[in-house]
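Here is the structure we will look at, set down as structure tokens.
Read the figures in this text as sums done on the coordinates, not as results from a lab. Every value quoted in this text rests on a predicted model; they were computed, and no experiment measured them. Positions of Cβ are backbone-derived with ideal geometry, glycine not excepted, and every protein chain shown enters the neighbour counts.
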Amino acid sequence: MKPRRWKLIAACLLAMSAGILTATWENGLPWVRQAPPEVQGFFWPEQKALIPFEMVDHRHDPFTLEDLEGQWTLMFFGYTYCPDICPVTMSVLREAVASYHDRAPESLSDMQVAFVSVDGERDTPDHLAAYIRFYDENWIAASGDRDQVDSLTVQLGVPYEIDEHEPGALNYLVSHPGSLFLVSPDTKLAALLQPPLNVEGLSDDLIKIRRFMARG
């Protein structure tokens, strides 16, 4: 084969290779795309955007979608009078988030926690303030009336049921899940982390998700 033809073939192969690499880079073809992290629950690379909601936090300030913008938020739905799931989950959450901040690089340190009470009747802002202070005074605690709470729980798919009770009663139970919801800085639902939760596993999952998202 003549040298000129060899050069032409080599040039064509080089152009084809460059085109394949460009397409792979731009389109993220399956055989080179990074696999999503395996977590205790579900992680969605294609994420659902949240819509506006409004409640009241433990400082008597509005708690809205804007409070989730610009940083990662780990959300837990429960109620302060909960006798079992909430205190256990909140304790694990406190230690896991502390472990996460100790282990994660500074570039991944933007992680806040929001406790949302589905029992706005008993969980007033002042009551929430006393409750959240026990776990971490920098965390957010919020609630509201049934419509306000449902403006967030419905779109996240958080089921709960409040036992029938007389108005003003304090002794009743609320059924709710023990899952955690991770929201990205652009206010999209990134992950659902399900029980049984433990400190090391939760900390690991948060780091895996953040590193995956940081690599884009």
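Observations, loosely collected:
- Taking the C-alpha atoms of the stretch 74-209, convex hull volume expressed per residue in Å³: 106 Å³
- Farthest toward the positive end of the dipole of the stretch 35-215, out of Phe134, Ile51, Ser184, is the Cα of Ser184, where the dipole comes from beta carbon charges about the Cα centre.
- Taking other Cβ atoms within 10 Å as a rough exposure proxy, Asp110, Asp102 sort from fewest to most as Asp102, Asp110.
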